[in-house]
Amino acid sequence: MKALTEQDIRASFVNCSKGEAKRLAVPRDLDVRPWGDLDFLGWRDPAAPDRSYLVAERDDRIIGVSLRFPSRQRGYLHRSMCSLCLTTHPGDGVSLMTARKAGPAGREGNSAGVYMCTDLACSLYVRGIKVPAPGGRLKESLTVEQQIERTRGNLFGFLDALGAVSG
């Protein structure tokens, strides 16, 4: 992923108003993010515990979506798998992230969801840069490059479900 500026990020949101995009909390450490190892930029809102944001690059277009997830999670004995990167985590390490759809469907209250790593570090897990709890990454016959492509495909499928790439 190419390095993004705060302005790039704020202009990319497809499922919230320009005013909401202007007010959302953008990470202050953009200059030190591992851009070359990211398939998307994801972060949680420090002021709103139930909000996260995801910004991805697709076909030379930057697409940002605002996500919500439950602030109350399941018990810690349960393991769940991320639908994007296929990493498993105990307890609240995977959350159902929901997003309002883009355009008229979103204004009517329609949304879509995906189970994903709560810390939004899918790109780093796939590449082995960040290590989940023991048992979090299954041994696969796919190469890391193939796993990255699968993760990107799963991400783009979610963005398609949101109607984020139309228009």
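Hey, L4 hits all of (1) in contact (Cβ under 8 Å) with a residue 40 or more places away in the chain; (2) more than 21 Å from S95 (Cα to Cα); (3) not in a loop (DSSP other than H, G, I, E, B) but one; which does it fall short on?
It fails just one condition, (3).
Limited to segment 39-66, what total is found for residues that are over 20 Å from V14 (Cα atoms) and either under 14 Å from the mean Cα position of the chain (by Cα) or touching a residue at least 60 places away in the same chain (Cβ under 8 Å) (or both)?
Within segment 39-66, residues that are over 20 Å from V14 (Cα atoms) and either under 14 Å from the mean Cα position of the chain (by Cα) or touching a residue at least 60 places away in the same chain (Cβ under 8 Å) (or both) number 0.
So V65 clears everything in (1) under 13 Å from L159 (Cα atoms); (2) β-branched (V, I, T); (3) in a loop (DSSP other than H, G, I, E, B) except one condition, right? Which one?
Going through the list (1) under 13 Å from L159 (Cα atoms); (2) β-branched (V, I, T); (3) in a loop (DSSP other than H, G, I, E, B), V65 breaks only (3).
May I ask you to list pairs of residues, at least six apart or on different chains, whose Cβ atoms are under 7 Å apart, with the first in segment 122-146 being over 23 Å from V55 (Cβ atoms) and without any contact (Cβ under 8 Å) to a residue 40 or more places away in the chain and the second being small (G, A, S) and surrounded by 11 or more Cβ atoms within 10 Å (Cβ to Cβ)?
Close Cβ pairs satisfying both conditions: none exist.
Which of the residues belonging to segment 115-167 are β-branched (V, I, T) and under 16 Å from the mean Cα position of the chain (by Cα)?
Result: T118, V126, I148, T151, V165.
Is at least one residue of segment 90-97 farther than 24 Å from V165 by Cβ and of a type in the set (V, I, T)?
yes
Could you tell me whether any residue of segment 44-53 is in contact with a helix residue (DSSP H, G or I) (Cβ under 8 Å, 6 or more places away or on another chain), over 18 Å from L96 (Cα atoms) and not hydrophobic (A, V, I, L, M, F, W, C)?
No, every residue in segment 44-53 fails to be in contact with a helix residue (DSSP H, G or I) (Cβ under 8 Å, 6 or more places away or on another chain), over 18 Å from L96 (Cα atoms) and not hydrophobic (A, V, I, L, M, F, W, C).
We did not get these values from a lab; they are worked out from the coordinates using the rules stated. Quick caveat: nothing in here was measured; it's all calculated off a predicted structure. Glycine gets a Cβ as well: all are built from the backbone with ideal geometry, and neighbour counts include every protein chain shown.
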